[in-house]
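The values are calculated or read from the model by the stated rules, or taken from the named source; none is laboratory data. What you are looking at is a predicted structure, and each value in this text was computed from that prediction instead of being measured. Note that we place each Cβ from the backbone using ideal geometry, even for glycine, and neighbour counts take in every protein chain shown. In case anyone asks, the SASA skips ligands and DNA or RNA and just uses the protein heavy atoms, side chains included. Shrake-Rupley method; radii C 1.70, N 1.55, O 1.52, S 1.80 Å.
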Amino acid sequence: MAAARCASWSGCWPTRRTTIERPIVSVGGIGSHHLVALALHLQAQGRELHAWVFDQVPTAHTLDDLALLLSTGAKLWPVPTRPALPLAWLAYRTWARPEQAGVYMPPGGTTGLGSLGFVEAGLELAQQVKEGVLPAPQALYVTGGTCGSCCGLALGLALAGLPVRIRVVSALERLYLGTYLLRRTLNQVFAALVKAGLQPELAALGPEGLLARAGVTWSIDHSQVGSGYAVPTMAGEEAVALAAGGGLALETTYTGKCLAALRSDLAAGAVSGPVLFWDTHGATDLRPHIVAGWEARVPMALRRRLIRAGAALPAAT
């Protein structure tokens, strides 16, 4: 049976009842905000999250996210590192195969369709500038992981005709986030726009042409990655503390490093004109969703690794 036709950019879902009821399987670190959000939404639907996860530095924030995942009933297939994720996939398909396999969702939930929300966010920003709510930014700083946020924003701003220099502050090493990934994601979002009914004259420009016409440019900054993804840095922690003093809650994996890059560029005199810092961190306190005894649900191998890394968890019995 074909999928239902979408009535808006907010998306649609397959009409197969069996697909709707199946679990979702996705990928991320044990402190992944994407996995946490997905798990909470699936729990409300009575569905399961199957997560292929890799270890992160066990900060208090990371452990809260892990606690949330396990509190929702999410099932984990954990491995120590990102390069070992194929082992999680192999376990999922063979010796640790679940009773019902999940429908795959890409890391970060990043798809062309899923990024249209950030296209609308770019249009909303341009409308706020038009109404005088804020000055037109010359530069916009946003963190980058799977690039759905920055690509959606870039295309939304381009559609609105607002020229901005987008500084993508990478949370990932160059091997994982480079111009190839960003352009590929940009193409996916643009294809979703075309499918959603983008005017033919704009569709003919292609994504790069649309950005060029509006004067929207982008660059990738790897200076704040430090020793690796999700590993806190001194500059990032300082940025988080500075933001907290102003009532802004950031975290050390993405937004703290993004603000650190902005501070570094300001100190070097590399930024002029109005600058916009785009905060991608949802600071809602989700700890009330954590259930007592979640620690007992941590897979034994993961528990041992976390304890060796300094996490305050009860020893496995």
Next item on the list: Would you check if there is a residue in region 282-299 being touching a Phe, Trp or Tyr at 6+ places or on another chain (Cβ under 8 Å), assigned to a loop (DSSP other than H, G, I, E, B) and not acidic (Asp, Glu)?
Entry: no
Checklist line | Any pair with Cβ under 6 angstrom, 6 or more apart, that starts in region 225-237 at a residue that is under 8 Å from THR252 (Cβ atoms) and ends at one that is open to solvent by less than 60 Å² (accessible area, probe 1.4 Å) and in a helix (DSSP H, G or I) | finding: GLY236/GLY256; GLY236/LYS257; GLY236/ALA260
Next item on the list: Return yes or no: is LEU70 at pLDDT 95 or above, in a helix (DSSP H, G or I) and open to solvent by less than 10 Å² (accessible area, probe 1.4 Å)?
Entry: yes
Next item on the list: Kindly list the number of the only condition in (1) closer than 26 Å to ARG305 by Cβ; (2) in contact (Cβ under 8 Å) with a residue 12 or more places away in the chain; (3) open to solvent by 60 Å² or more (accessible area, probe 1.4 Å) that fails for LEU63.
Entry: (3)
Check: Which one of GLN127, GLN56, GLN138 is touching a strand residue (DSSP E or B) at 6+ places or on another chain (Cβ under 9 Å) and open to solvent by 40 Å² or more (accessible area, probe 1.4 Å)?
Finding: GLN138
Checklist line | Test: residue in region 144-153 that is of a type in the set (Ser, Thr, Tyr) and free of Cβ contacts under 8 Å to residues at least 60 places away in the same chain | finding: yes
Next item on the list: Check region 211-218 and report whether any residue there is aliphatic (A, V, I, L, M) and modelled with pLDDT under 95.
Entry: no
Next item on the list: Within region 81-115, work out how many residues are in contact with a strand residue (DSSP E or B) (Cβ under 9 Å, 6 or more places away or on another chain), surrounded by 13 or more Cβ atoms within 10 Å (Cβ to Cβ) and assigned to a loop (DSSP other than H, G, I, E, B).
Entry: 5
Check: Name the pairs: first residue in region 161-189 and farther than 28 Å from LYS130 by Cβ, second residue of a type in the set (Phe, Trp, Tyr) and open to solvent by 50 Å² or more (accessible area, probe 1.4 Å), Cβ to Cβ under 7 Å, at least 6 apart or on different chains?
Finding: ALA171/TYR254
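So which of LEU259, LEU302, LEU306 is in contact with a strand residue (DSSP E or B) (Cβ under 6 Å, 6 or more places away or on another chain), assigned to a helix (DSSP H, G or I) and buried (at least 18 other Cβ atoms within 10 Å of the Cβ)?
LEU302
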Notebook entry, point to check: Can you find a residue in region 209-217 that is open to solvent by 60 Å² or more (accessible area, probe 1.4 Å) and touching a residue at least 60 places away in the same chain (Cβ under 8 Å)?
Noted result: no
